[in-house]
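J.: Handing you this structure, nothing more for now.
The values are calculated or read from the model by the stated rules, or taken from the named source; none is laboratory data. Note that the coordinates shown come from a computational prediction; the quantities given were computed from them, not determined experimentally. So basically every Cβ, Gly included, is an ideal-geometry build from the backbone, and we count neighbours across all protein chains shown. All accessible areas refer to the heavy atoms of the entire protein, side chains included, with ligands and DNA or RNA removed. Shrake-Rupley method; radii C 1.70, N 1.55, O 1.52, S 1.80 Å.
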Amino acid sequence: MNNEILPRENPILVLLLRMLSLGLSGWEMINSQNFKEPKLDPQIVTKFIPSLLVLMVDDQMRNLNTKLPHDERAQAISVIEHSGPPPDAFQAYLGESSVAATLAMYYALNLVRAKDKNGVMRVLGFLATTYRYRGYDDPFLHTLISGLIGMVDDFTSEDFSTVVFDEYLCVGLPQENVTRHLIRLVYNVHHKLNSHRLESILKTLQPASTQSEILQEAYLSLDEKISAVAMMETMESDARQDMTAQDSVFPGSSTPLRVGQSLL
């Protein structure tokens, strides 16, 4: 980055994009026995890449704002200005180009790795519309879900849960690999979800008799874990209530005796 040039004027960037396009078209070329290099859409370079850079700049601005002296108003303005919907070009090319879809997927993984909640909320839902549903490829989902599990505390936010579940993962159902990864995510973050959200997800995930035995076993394991946690919470709540009732009947009965203190 020694020279400030436009993306279309960067020969290395254009070469890398052509190589990516070639790799993504590999199976099609083998199946069709047509080994001609697919033409790279020039608007990927002139429109999509600049829109992706806009998102990256916004990410850096939000990150920089968190390091400045605390000012709630300025922070709110910064979040609003740099957390709006992605540019139109970013949204448009996800469904038209495998290159654009792949770049957006790796950008989303970078946001998850950085635990950038606002960034993830901004782009994750649009991966449901990627070219040939690349946003639901198994290797990508495995890495993405592993990263989302690391953001477990963010699932207390209903806005974040809405993007992850309603706008992205549930859109990919009933694909079996999506269902499997969704079960894995809920298995690890269910204790952070509100009861209505959890109940809705469990109802959605409930497997049909025609689905694979592995998927049914995974759902059963999830259901058993949630039931066990709920039972433990009920027991702890009952124990606290018993202690409170005992204290009200025998004030100070729960206070431990000091050394040398008489029982009388």
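J.: Taking only protein heavy atoms and a 1.4 Å probe, what accessible area per residue, in Å², does the chain have with all protein chains in place?
T.: Per-residue value: 63 Å².
J.: Quote the FRET efficiency, to the nearest 0.05, computed for residue 81 versus residue 187 with a Förster distance R0 of 41 Å and r equal to the Cβ-Cβ distance.
T.: It comes to 0.65.
J.: Check the straight Cα-Cα distances from residue 36 and name the lysines below 27 Å, setting aside those fewer than 8 residues away within the same chain.
T.: 47
J.: Please compute the length gained on full extension between residue 71 and residue 224, using 0.36 nm multiplied by the number of residues separating them and subtracting their Cα-Cα distance.
T.: Extra length from residue 71 to residue 224 when fully extended: 50.5 nm.
J.: Charges only on Cβ, +1 for Lys and Arg, -1 for Asp and Glu: so what's the dipole of segment 12-75 about the Cα centre, in debye to the nearest 20?
T.: 160 debye
J.: Which percent of Cα pairs goes in each bin when the distances of segment 1-122 are cut into 10 angstrom slices starting at zero?
T.: Taking all Cα pairs of segment 1-122, the binned fractions are 12, 35, 31, 15, 5, 2, 0 percent.
J.: Got a number for carbon plus sulfur as a percent of the chain's accessible area, 1.4 Å probe?
T.: 57 percent
J.: Using a Debye calculation, one point per C-alpha and no hydration shell, please list log10 I(q)/I(0) for the chain at q = 0.08, 0.09 Å⁻¹ in order.
T.: Each listed q corresponds, in turn, to -0.48, -0.58.
J.: What nm value, rounded to one decimal, do you get for the distance between residue 199 and residue 91 when each label is placed 7 Å out toward the C-beta?
T.: Taking the two extended label points, one gets 3.3 nm.
J.: When you count, for each residue, the other Cβ atoms within 10 Å and take the mean per peptide, how do 203-210, 52-59 rank with the highest first?
T.: Those peptides, ordered most packed to least, come out 52-59, 203-210.
J.: Also, quick follow-up: So, R0 is 51 Å and r is the distance between the beta-carbons of residue 239 and residue 113; what FRET efficiency does that work out to, to 0.05?
T.: Plugging the Cβ-Cβ distance into 1/(1 + (r/R0)^6) gives 0.80.
J.: Where a Cα-Cα gap under 23 Å defines reach, which lysines qualify for residue 225, not counting those fewer than 8 residues away within the same chain?
T.: Cross-link targets: 192, 203.
J.: Taking only Cα atoms, what is the 0 to 90° angle, nearest 10, from helix 49-67's long axis to the longest principal axis of the chain?
T.: Between the helix axis and the principal axis of the chain, the angle is about 30 degrees.
J.: Sort 151-163, 111-123, 91-103 for me by packing, meaning the mean count of neighbouring Cβ atoms within 10 Å per residue, highest on top.
T.: 91-103, 111-123, 151-163
J.: Would you kindly calculate the translational diffusion coefficient of segment 92-165, applying Stokes-Einstein with the Kirkwood radius from alpha carbon pairs, for 37 °C and a viscosity of 0.692 mPa s, and quote it in µm² s⁻¹ without decimals?
T.: Roughly 267 µm²/s, to the nearest whole number.
J.: Convex hull over the alpha-carbon atoms of segment 75-208: what's its volume per residue in Å³?
T.: For segment 75-208, the hull spanned by Cα atoms encloses 102 Å³ per residue.
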